[in-house]
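Worksheet: the structure to be examined is printed underneath.
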Amino acid sequence: MIAVSYEQVARRLENGDPRELSDRRLAQELGCEEEFIARVRCEGGHALFAPGHRMLRERAEARVRELSRPVDGGHREWTEQTTRDGVPVLSIRGVGTTVGRVAFQMANGRPPVGNVKASCTFPHCVEGTHLTDRPMRARLHGTNNARPCTGCGVPFEPNWKTQKFCKVDCFHEHRARAAVS
């Protein structure tokens, strides 16, 4: 084995994408033990090796960029698979999501809270800057749609206008209490 310093291993992990470098391959290249590479990786806070090196989110973002196209007015149109209702969807390694959720995270740097909806009038626009989540819409409209649950009294934000219960259990409990009285 060739003597390699802690700093040399750390530098090698910093200069490349650590997700692309397995401990075994790096140990072979540098002529040291795999356990030493693993210790440097752990102590230095470097990312773990990920086979295929691309994270699921990065792959989804790349697919959104390549499978959508800009259209007039600053909108983006999805050119691939949609639901029956026309909602753009994407599946990476068997994990499905809406394109709106991926585009929202690309534009805002955080995952959306609640449903993602377009703030523009273009049908199913996937331009990240045109997409809003629940907190953004509440701030935009200055409203709080929360109402008390008929069953338990806890405030909740209904998904539709006539929704009276925060969850199915509250509905069944309310129904059972009404049958007894």
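The values are calculated or read from the model by the stated rules, or taken from the named source; none is laboratory data. Just so you know, these numbers come straight off a predicted model, no measurement behind them. When we count neighbours, we look across all protein chains shown, and the Cβ atoms used for this are built from the backbone with ideal geometry, even at glycine. Only protein heavy atoms, including side chains, enter the accessible area calculation; ligands, DNA and RNA are left aside. Shrake-Rupley method; radii C 1.70, N 1.55, O 1.52, S 1.80 Å.
Classify the stretch 55-131: rounded, prolate or oblate, from the alpha-carbon gyration tensor (a ≥ b ≥ c, eigenvalue square roots; a/c under 1.5 rounded; otherwise prolate if a/b is larger than b/c)? Walk me through the intermediate numbers first.
Working: a/c = 1.42, a/b = 1.25, b/c = 1.13.
Because its axes are fairly even, with a/c under 1.5, the stretch 55-131 counts as rounded.
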Once both label points are put 7 Å beyond Cα along the C-beta direction, the Val180-Arg63 separation in nm becomes 4.9 nm
So what is the accessible area of the stretch 76-148 per residue, in Å², with the probe set to 1.4 Å? 62 Å²
Suppose each label sits 7 Å from its Cα in the direction of the beta carbon; what would the Asp85-Glu29 distance come out to in nanometres? 4.8 nm
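Work out how much length Glu173 to Ala38 would gain on full extension: take 0.36 nm times their residue separation and subtract the Cα-Cα distance, in nm to one decimal. Don't skip to the end; give the middle numbers.
Details: separation 135, 0.36 × 135 = 48.60 nm, distance 5.36 nm.
Full extension of this stretch gives 43.2 nm more.
Just by accessible area at a 1.4 angstrom probe, what is the order of Asp72, Asp133 from largest to smallest? Write down the numbers at each step before the final one.
Working: Asp72 140, Asp133 0 Å².
In descending accessible area the options line up as Asp72, Asp133.
Going by accessible area, probe 1.4 Å, with all protein chains left in place, what is the ranking of Thr132, Thr83, largest first? Before the final figure, lay out the partial values.
Numbers: Thr132 15, Thr83 55 Å².
Accessible-area ranking of Thr132, Thr83, largest first: Thr83, Thr132.
On the protein heavy atoms, probe 1.4 angstrom, tell me the percent of accessible surface of the stretch 31-117 carried by carbon and sulfur. Working shown, then result.
Values: 2670 of 5460 Å².
Ligands and nucleic acids excluded, carbon and sulfur reach 49 percent.
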Zone residues, the stretch 94-108, relative to Arg134, backbone N less than 12 Å from point 7 Å out along Cα-to-Cβ: none
Amide H within-cut-off set for Asn115, under 5 Å, with H built and near neighbours excluded: Arg134
Which residues in the stretch 100-132 have a backbone N closer than 11 Å to a point placed 7 Å from the Cα of Glu77 along the Cα-to-Cβ line? 123
What's the extension gain from Val95 to Arg147 if we count 0.36 nm per residue and subtract their Cα-Cα distance? 15.4 nm
Ser22 accessible area, 1.4 Å probe, all protein chains in place, Å² to nearest 10: 20 Å²
Using a 1.4 Å probe and ignoring any ligands, DNA or RNA, find the accessible area of Arg93 and quote it in Å² to the nearest 10. 150 Å²
